[in-house]
Amino acid sequence: MQQIFILDAFHPAGLTLAKEHAVVTNWSDVNVNNWINEADAIMVRMSPITREMISKAKKLKVICKQGVGLDTIDLDAAKEFNIQVYRTPGVNSEAVAEMAFSLSLAVCRRIARFDRLLRAGAQIVRPDHLGIEMWGKTVGIVGMGNIGTRVAQKWKNAFQANLIAYDPHAPQNAWAEIDHERVNSLGEMISRVDLLTLHLPLTEQSHHLISLKELKSMKKDAVLINVSRGGIIDESALYDVLKEGHLFGVGLDVVEIEPIRPDNPLFEFENVIFTPHAAAGTIETQERSALQVAQQVIDALAGRETANRVV
């Protein structure tokens with residue numbers, strides 16, 4: 001039988017399905033790092049798959065990534081060595097959109113701060129910790145894909161927000177059913193928004209898209225949310241503007257170096273809320289994603305036409 005190595009923790013449903021069709025070595029097995037010599041296919045979430053690994057892989061035919069981001073896989077190397085690469089777009093859209101929405105409200109209403117103060121037994125003078133309301137405010141959304149669309153719908157339907165969207169890759173008729181203003185550059189929106197939320201992949205073009213110039217252009221009391229990839233925000237620049245008292249708050253599910261280091265300078269600021277790249281972490285999403293990854297690997301190894309192939 002062919003061998004599938006699962007390099008990261010997956011929902012048990014995916015593991016069970018894979019075992020019905022192949023010999024499976026999972027992330028907790030001491031032999032998992034031997035995938036380079038033995039794997040016909042690998043299932044991954046965040047484990048980096050480098051050119052060096054791919055070049056040394058003796059049997060590898062298929063890589064399948066849970067989620068949509070592919071910045072952890074060397075696609076050029078995979079193409080060079082004739083290895084198929086798949087992903088699972090759309091499966092986690094609702095979960096990630098809900099996390100973006102949740103982080104936004106947590107930042108605006110100081111939820112994490114209150115929780116920390118209460119647990120510490122601190123005296124709380126509530127007027128010293130006032131939040132901001134989002135009803136009718138202006139929300140800027142960068143990225144008009146599956147996740148950005150769901151975020152837009154939530155802000156419009158729940159808060160009657162004024163939406164400004166930026167995505168140079170989305171078709172002109174995108175969001176025809178959502179009342180919004182579309183701009184042709186980030187600069188056209190960034191100084192106008194009360195909250196900026198990021199929903200785009202990390203590429204050479206989007207790396208440090210939000211840097212010192214953009215951050216300083218934002219309103220002093222604006223909120224910044226990122227559930228996409230850490231490298232989209234220049235964290236050094238973000239530190240500098242926060243140190244100056246600029247921005248009401250920030251919500252980050254992702255950072256440039258993950259897992260986040262305990263000495264990350266942004267921990268200094270109580271108006272920054274972190275979650276550990278957990279936006280897709282719901283029971284429903286993890287089960288669906290794991291099953292889809294396993295099925296795509298099974299189909300690819302069997303030579304069947306399979307959706308969501310990128311290489």
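The values are calculated or read from the model by the stated rules, or taken from the named source; none is laboratory data. Everything numeric here is computed off the predicted structure, so don't read it as measured data. Please note: Cβ atoms are built from the backbone with ideal geometry, for glycine as well, and neighbour counts cover all protein chains shown.
Answer yes if at least one residue in the range 167-180 is of a type in the set (S, T, N, Q) and touching an Asp or Glu at 6+ places or on another chain (Cβ under 9 Å), and no otherwise. It would help to see each step written out before you state the result.
The first filter runs over the range 167-180 and keeps only residues of a type in the set (S, T, N, Q), leaving 172-173.
Adding the requirement that they be touching an Asp or Glu at 6+ places or on another chain (Cβ under 9 Å) leaves none.
No, there is no match, as no residue in the range 167-180 is of a type in the set (S, T, N, Q) and touching an Asp or Glu at 6+ places or on another chain (Cβ under 9 Å).
Need the failing condition index for Ile164 against (1) without any contact (Cβ under 8 Å) to a residue 40 or more places away in the chain; (2) under 22 Å from Pro89 (Cβ atoms), just the number.
Ile164 satisfies all of (1) without any contact (Cβ under 8 Å) to a residue 40 or more places away in the chain; (2) under 22 Å from Pro89 (Cβ atoms) except (2).
Suppose we filter the range 228-249 for residues that are under 18 Å from the mean Cα position of the chain (by Cα), assigned to a loop (DSSP other than H, G, I, E, B) and not polar (S, T, N, Q); how many remain? Don't jump to the end; show me each part of the working.
Pass one, the range 228-249, residues under 18 Å from the mean Cα position of the chain (by Cα): 228-235.
Cutting the leftovers down to assigned to a loop (DSSP other than H, G, I, E, B) gives us 228-229, 234.
From what's left, not polar (S, T, N, Q): 229, 234.
Residues flagged as under 18 Å from the mean Cα position of the chain (by Cα), assigned to a loop (DSSP other than H, G, I, E, B) and not polar (S, T, N, Q) within the range 228-249 amount to 2.
What's the number of the condition Ser104 fails, among (1) under 27 Å from Thr282 (Cα atoms); (2) among the small types (Gly, Ala, Ser); (3) outside any helix (DSSP H, G or I)?
(3)
Just one of (1) within 19 Å of Ala280 (Cβ to Cβ); (2) out of contact with any strand residue (DSSP E or B) (no Cβ under 6 Å at 6 or more places or on another chain); (3) crowded, with 23+ Cβ neighbours inside 10 Å trips up Leu60, so point out which.
Result: Leu60 fails condition (1) only.
Tell me whether the range 148-158 contains one or more residues that are part of a loop (DSSP other than H, G, I, E, B) and either assigned by TED's automatic domain parsing to the domain that holds Thr203 or more than 23 Å from the chain's Cα centre (by Cα) (or both). Show your work before the answer.
Taking the range 148-158 and keeping what is part of a loop (DSSP other than H, G, I, E, B), we get none.
Looking for residues that are part of a loop (DSSP other than H, G, I, E, B) and either assigned by TED's automatic domain parsing to the domain that holds Thr203 or more than 23 Å from the chain's Cα centre (by Cα) (or both), one finds none in the range 148-158, hence no.
Is it the case that some residue within the range 213-234 is touching a Ser or Thr at 6+ places or on another chain (Cβ under 7 Å) and closer than 12 Å to Ile164 by Cβ?
no
I'd like to know if the range 232-250 contains one or more residues that are in contact with an Asp or Glu (Cβ under 7 Å, 6 or more places away or on another chain), touching a residue at least 60 places away in the same chain (Cβ under 8 Å) and within 21 Å of Ala100 (Cα to Cα).
Looking through the range 232-250, at least one residue is in contact with an Asp or Glu (Cβ under 7 Å, 6 or more places away or on another chain), touching a residue at least 60 places away in the same chain (Cβ under 8 Å) and within 21 Å of Ala100 (Cα to Cα).
Can you find a residue that is out of contact with any Cys (no Cβ under 7 Å at 6 or more places or on another chain) and farther than 20 Å from Val310 by Cα anywhere in the range 58-78?
Of all residues in the range 58-78, those out of contact with any Cys (no Cβ under 7 Å at 6 or more places or on another chain) come to 58-78.
Going one step further and asking which of them are farther than 20 Å from Val310 by Cα, we end up with 58.
Yes: the range 58-78 contains one or more residues that are out of contact with any Cys (no Cβ under 7 Å at 6 or more places or on another chain) and farther than 20 Å from Val310 by Cα.
Keeping to the range 8-36, report how many residues are of a type in the set (D, E, K, R) and touching a strand residue (DSSP E or B) at 6+ places or on another chain (Cβ under 8 Å). Let's see the steps before the verdict.
Start the filter on the range 8-36 by keeping residues that are of a type in the set (D, E, K, R), which leaves 8, 19-20, 29.
With touching a strand residue (DSSP E or B) at 6+ places or on another chain (Cβ under 8 Å) added as a condition, the list becomes 8.
Counting residues in the range 8-36 that are of a type in the set (D, E, K, R) and touching a strand residue (DSSP E or B) at 6+ places or on another chain (Cβ under 8 Å) gives 1.
Does Glu256 satisfy the condition of being loosely packed, with under 15 Cβ neighbours inside 10 Å, free of Cβ contacts under 8 Å to residues at least 40 places away in the same chain and among the charged types (D, E, K, R)? I'd like the intermediate steps shown before the answer.
Working: loosely packed, with under 15 Cβ neighbours inside 10 Å: no; free of Cβ contacts under 8 Å to residues at least 40 places away in the same chain: yes; among the charged types (D, E, K, R): yes.
Considered against the rule, which asks whether it is loosely packed, with under 15 Cβ neighbours inside 10 Å, free of Cβ contacts under 8 Å to residues at least 40 places away in the same chain and among the charged types (D, E, K, R), Glu256 comes out as no.
When the range 179-210 is examined, which residues are found to be touching a Ser or Thr at 6+ places or on another chain (Cβ under 9 Å), part of a loop (DSSP other than H, G, I, E, B) and buried (at least 16 other Cβ atoms within 10 Å of the Cβ)?
Correct list: Met189, Ile190, Arg192, Val193, Asp194, His199, Leu200, Pro201, Leu202, Ser206.
Take Ser102 and decide whether it is assigned by TED's automatic domain parsing to the domain that holds Val223 and among the hydroxyl-bearing types (Ser, Thr, Tyr).
On the way: assigned by TED's automatic domain parsing to the domain that holds Val223: yes; among the hydroxyl-bearing types (Ser, Thr, Tyr): yes.
Yes.
For the range 43-65: of the residues being farther than 23 Å from Ser289 by Cβ and among the basic types (Lys, Arg), which is modelled with the lowest pLDDT?
Selected residue: Lys58.
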